[in-house]
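The values are calculated or read from the model by the stated rules, or taken from the named source; none is laboratory data. Worth saying up front: this structure is predicted, and the values here are computed from it rather than measured. Heads up, the Cβs are rebuilt from the backbone with ideal geometry, glycines too, and the neighbour counts pull from every protein chain shown. Heavy atoms of the whole protein, side chains included, go into the accessibility calculation; ligands, DNA and RNA do not. Shrake-Rupley method; radii C 1.70, N 1.55, O 1.52, S 1.80 Å.
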Amino acid sequence: FSTLIDGQITTSKFSRKDSLEIEYFENKIDTSYVRWVSDCEFILRKKNPVSSKDKKAVNMKILSTSEKGYVFEFSIVGDKKNIFRGEAIKLN
């Protein structure tokens, strides 16, 4: 997954299995719980939050899929004003 942060494109990799997602970002590994709301929507909650920001759950909604990955939008749960879009690309 790549996104624009402070004017620079940053990339993270993640793997998802069952109810866990493991993210690799800037030489750090982070684990989140995944709770599926529907076939195309899930909630991510950090397994070991270290700040109040980390304690906030993230709503992820898959908008479209293709053979190479999917387009999604995401926001902090309850924050309808700040919705962002991204694309996840399958590596294996």
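Start at zero, step by 5 Å, and the Cα-Cα distances of the chain spread as 3, 12, 20, 31, 23, 9, 2, 0 percent across the bins.
Tell me the carbon and sulfur percent of the accessible area for the chain, rounded to whole percent, probe radius 1.4 Å.
Whole-percent figure for carbon plus sulfur exposure: 51.
Label positions at ILE89 and ARG16, each projected 7 Å from the Cα along the C-beta direction, are separated by 1.8 nm. Surface analysis of the chain yields an accessible area of 79 Å² per residue, using protein heavy atoms and a 1.4 Å probe. For the range 8-23, backbone phi angles converted through the Karplus equation (6.51, -1.76, 1.60; θ = phi - 60°) give residue-by-residue couplings of 10, 7, 10, 10, 10, 10, 8, 10, 10, 9, 6, 9, 10, 10, 10, 10 Hz, Gly and Pro being listed as x.
Relative contact order, whole percent, for the chain stands at 17, derived from Cα pairs under 8 Å and 6 or more residues apart.
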